[in-house]
Amino acid sequence: MINRIFMNEMSWTSYQKRIEGGALILLPTGATEQHGPHLPMGTDAMLATAVAADVAKKLDAIVAPVLSFGYKSQPKMGGGNHFCGTTSLDADTLAHVLRDVIKEFARHGARKLVLINGHYENMMFTIEGVDLAMRELAYRGIQDFQVMRLEYWDFTKRETLEKIFPGGFPGFDLEHAAVMETSLMLHHHPHLVDMSALPDDGPASFPPYDIYPTRTGWVPCSGVLSPAQGCSAEKGKLLADDYATGVTGAIRKEFPNVKERS
């Protein structure tokens, strides 16, 4: 039997054996959100899953099905919720879905979970979901369940940014559908990138405040917050290597009993 890494490709008996053997769960979270005319709306979910898969090739880990809907896209981070196709959840919905999923993994017998977030706006609501789940598990007397929660881009090395952005890094907040995400998609899913549709909008410029209803005119019509010119699969591999190495190293540090992948 092939030692599969994706939970939804396993039989329940194979999954149970892996859990009983101490495998940890990797849970990607993403969004269904516009990523310009050149990238698919599932980019956040796909990239979080790709990072999880790279980690699972190194450690005894199971990649759970990605949570593909995320918190509402914000203009300064994802272009905004006004784009056709962007499909979002309210904050309490996301937090409670995550709470329920985490409790289910604990019920299965898993005792270690790593949540790999790929959508910036999810951040605080994944924290809330983890907190709600941990509180309920404690009420049930389950004290040995542990969760690590992270954003994969925080593992980007400074030297990698210097190679990718020799003219200066514009910042993670403007990297929506820009050089980093496009390069990562060219590395992981090149068949889904339409380079002929790459927009040439200049970087978005936002004031230091928000207005409601949203001022959609602040956002480039393409939905891309910074030019993606200069992206490449080679740059995507540099980033992917950072994330696979960095996330795996963090897991080994915090969960030293996790086995290597056999």
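Just so you know, all these numbers are worked out from the coordinates, no wet-lab data involved. None of the values given here were measured: they were computed from a predicted structure. As a convention, Cβ positions derive from the backbone with ideal geometry for all residues, glycine included, and neighbour counts pool all protein chains shown.
The table that follows gives values for the structure above.
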read-out	value
Intensity falloff of the chain expressed as log10 I(q)/I(0), Debye formula with alpha-carbon point scatterers, at q = 0.12 Å⁻¹	-0.72
Counting DSSP beta bridges with both ends in the chain, the antiparallel % (nearest 5)	15
Length released on extending from ARG107 to GLU260, taking residue separation times 0.36 nm less the Cα-Cα span	52.7 nm
Per-residue ³J(HN,Hα) for the stretch 10-26, Karplus 6.51 cos²θ - 1.76 cosθ + 1.60, θ = phi - 60°, Hz, x for Gly and Pro	9, 6, 5, 6, 5, 4, 4, 5, 5, 5, 5, x, x, 4, 8, 9, 10
Nonlocal amide H pairs with LEU59, under 5 Å, H built at 1.01 Å	ARG261
Mean projected area (nm²) of the alpha-carbon convex hull when the stretch 157-258 is viewed from all directions	9.1
Within the stretch 231-262, backbone nitrogen closer than 18 Å to the virtual label 7 Å beyond the Cα of GLU9 toward Cβ	261-262
Estimated vicinal HN-Hα couplings, Hz - the stretch 121-128 in sequence order (Karplus 6.51, -1.76, 1.60; Gly, Pro = x)	5, 6, 3, 5, 7, 6, 4, 5
Spin-label pair TYR212/THR245, simplified geometry with 7 Å Cα→Cβ offset, distance in nm	4.3
Residue-by-residue Karplus 3J(HN,Hα) for the stretch 169-179, coefficients 6.51, -1.76, 1.60, Hz, glycine and proline x	7, x, x, 4, 5, 9, 8, 5, 6, 9, 4
Out-of-range pairs (alpha-carbon distance over 21 Å; input LYS72/LYS103; LYS58/LYS112; LYS72/LYS237; LYS57/LYS112)	LYS72/LYS103; LYS72/LYS237
Rounded FRET efficiency, nearest 0.05, which uses the C-beta distance separating ARG252 from TYR139 and R0 of 51 Å	0.95
Convex hull of Cα atoms in the stretch 12-165, direction-averaged projection (nm²)	10.5
